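The values are calculated or read from the model by the stated rules, or taken from the named source; none is laboratory data. The structure presented is a predicted model; accordingly, all values stated were derived computationally and were not measured. Using ideal geometry, Cβ is built from the backbone for each residue, glycine included, and neighbour counts are taken over all protein chains shown.
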Amino acid sequence: MRLERDGRWVLRVARCGVLLFLSIVVVEHVANPSLNPARHEISEYVHTTWGWLMTAGFVVWALSLLATAIFARARYGADAVCIALTLAALGMIITACFATQTSAGRLPPGVSLSASGRLHDLGSGLTTLALLAAGLLSLRVTSPKLRRVTVVLLALACSSDVVLLAIGSGVGGIRQRLLVLIGCAWQLAFLTMGAARDRT
């Protein structure tokens, strides 16, 4: 199914959204050098002076994921991929609505995990699993070139996750950032290669 001309805005929203999200993450690192990226997770930037910007970044990525879900349905007729990406967007909205309670991946002494903290963890976990599912499901419907890219990215995500988990919490921030970067790279590849194929 060829992507409708009127649906080109969906592709633009999806691409610009994920790039804007990545740009916001970079800005947060520059604006808040006191947080060590190796240990502190991206969600922890919501507790800084520029916290509102990080929350906006989560919302922007959620909109981008939703637009990518629409693209998956329009370009490939891939209902399963569409559902997985929609769940990823929902998870990111939940992540944006409820702030994390952790610092460097741990609860501060004397602090108990609240309902808000649990919902934040649920949202971020849902996004991670849903993106993994979207990548796996896309192997059935995409081009051979995109399938190869997806397999490489999935292998990189799994191997790096295992290695960094074995190293420990001292590199928890690196582990999370690498997974986010791989997820965004797959999303951009899915959009770019899908759009290129539509033009042929």
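Cβ separations smaller than 9 Å between residues 6+ apart or across chains give the following pairs from the range 165-186 residues that are in contact (Cβ under 8 Å) with a residue 60 or more places away in the chain to residues that are polar (S, T, N, Q) and not in a helix (DSSP H, G or I): G173/N36. The residue pairs whose first member lies in the range 136-148 and is surrounded by 15 or more Cβ atoms within 10 Å (Cβ to Cβ), whose second member is among the small types (G, A, S) and assigned to a loop (DSSP other than H, G, I, E, B), and whose beta carbons are closer than 9 Å, counting only pairs six or more residues apart or on different chains, are L137/A78; S138/A78; V141/G77; V141/A78; T142/A78.
Put simply, of I70, I83 the only residue that is surrounded by fewer than 22 Cβ atoms within 10 Å (Cβ to Cβ), more than 27 Å from V171 (Cβ to Cβ) and touching a residue at least 60 places away in the same chain (Cβ under 8 Å) is I70. Determine whether G194 is touching an Asp or Glu at 6+ places or on another chain (Cβ under 9 Å) and in a helix (DSSP H, G or I). The answer is no for G194. For S169, are the conditions met, namely being farther than 23 Å from A89 by Cβ and at pLDDT 85 or above? Spelling it out, it is not the case that S169 is farther than 23 Å from A89 by Cβ and at pLDDT 85 or above. For the range 159-184, residues that are within 23 Å of S138 (Cα to Cα), surrounded by 17 or more Cβ atoms within 10 Å (Cβ to Cβ) and small (G, A, S) total 1.
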